[in-house]
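Beneath this line is the structure, given in structure tokens, with notes to follow.
The values are calculated or read from the model by the stated rules, or taken from the named source; none is laboratory data. Note that the coordinates shown come from a computational prediction; the quantities given were computed from them, not determined experimentally. Don't worry about glycine lacking a Cβ; one is built from the backbone with ideal geometry, like all the others, and counts go over all protein chains shown.
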Amino acid sequence: MEILGEKWTMVVLREVFSGIRRFDDMRVRTGIPRQVLANRLSALVGHGVLRREPYREPGARVRHEYRLTEKGFDLYPVMIALAGWGDRYLADPEGPPIRLVHRDCGAGVDAELRCADGHPVTDHRAILPRPGPGAKRRIENEKG
């Protein structure tokens, strides 16, 4: 959550996933204050989620656009799951403002959970948290 937990971060990622890569375009589309947007982009670059690519309009200085890294692209299922949640609980009666579709066939795309053996997990209560290989035992402070 250190990387994704700030409220504007997911908005910035939504824009980049939608093909908006330039600072001014993001600022106009989202209304994010200039310094906040600069900070979010810098943090996402610093964490390796985005990379900066230079470009130059004729007669203008070099600027940068922001592209997803492999680490950033791996957030796509998260973005799809968030969009699905919003579509289910927050969409207008007419429907969601955007549809995510498969480029090859045009069918809708949604996030689906599967276990490592390939079984679909449709009942979220069937998911159990277990300590992983990196888990560390918590030591409680003794008062005395």
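Has the range 57-76 got any residue that is among the charged types (D, E, K, R), more than 19 Å from the chain's Cα centre (by Cα) and in a strand (DSSP E or B)? Scanning the range 57-76 turns up at least one residue that is among the charged types (D, E, K, R), more than 19 Å from the chain's Cα centre (by Cα) and in a strand (DSSP E or B).
Once the range 85-96 is narrowed to residues that are without any contact (Cβ under 8 Å) to a residue 12 or more places away in the chain and part of a loop (DSSP other than H, G, I, E, B), the residue that is surrounded by the fewest Cβ atoms within 10 Å (Cβ to Cβ) is Pro93.
The single residue among Leu75, Leu100, Leu82, Leu113 that is at pLDDT 95 or above and surrounded by 14 or more Cβ atoms within 10 Å (Cβ to Cβ) turns out to be Leu75. With respect to the conditions (1) surrounded by fewer than 10 Cβ atoms within 10 Å (Cβ to Cβ); (2) in contact (Cβ under 8 Å) with a residue 40 or more places away in the chain, Arg63 falls short on a single one, namely (1). Among the residues in the range 26-39, are any among the charged types (D, E, K, R), within 15 Å of Leu4 (Cβ to Cβ) and outside any loop (DSSP other than H, G, I, E, B)? No: zero hits.
So is Ile139 part of a loop (DSSP other than H, G, I, E, B), more than 22 Å from the chain's Cα centre (by Cα) and either farther than 30 Å from Arg27 by Cβ or hydrophobic (A, V, I, L, M, F, W, C) (or both) or not? Here the answer is yes, as Ile139 does meet what is asked.
Assess whether Leu44 counts as being surrounded by 15 or more Cβ atoms within 10 Å (Cβ to Cβ), in contact (Cβ under 8 Å) with a residue 40 or more places away in the chain and closer than 18 Å to Ala83 by Cβ. Taking the combined requirement at face value, the residue does not satisfy it. Within the range 7-25, the only residue that satisfies the criterion of being in contact with a helix residue (DSSP H, G or I) (Cβ under 7 Å, 6 or more places away or on another chain), part of a loop (DSSP other than H, G, I, E, B) and more than 17 Å from Arg63 (Cα to Cα) is Trp8. Residues being in contact with a strand residue (DSSP E or B) (Cβ under 7 Å, 6 or more places away or on another chain) and either without any contact (Cβ under 8 Å) to a residue 24 or more places away in the chain or of a type in the set (Gly, Ala, Ser) (or both) are entirely absent from the range 6-27. Does the range 23-41 hold any residues that are among the hydrophobic types (A, V, I, L, M, F, W, C) and surrounded by 15 or more Cβ atoms within 10 Å (Cβ to Cβ), and which are they? Matches in the range 23-41: Phe23, Met26, Ile32, Val36, Leu37, Leu41.
The number of residues in the range 52-100 that are of a type in the set (Lys, Arg) and closer than 17 Å to Ser18 by Cβ comes to 2.
Got at least one residue in the range 97-112 being in contact with a His (Cβ under 6 Å, 6 or more places away or on another chain), within 18 Å of Val78 (Cβ to Cβ) and part of a loop (DSSP other than H, G, I, E, B)?
Yes, that holds for at least one residue.
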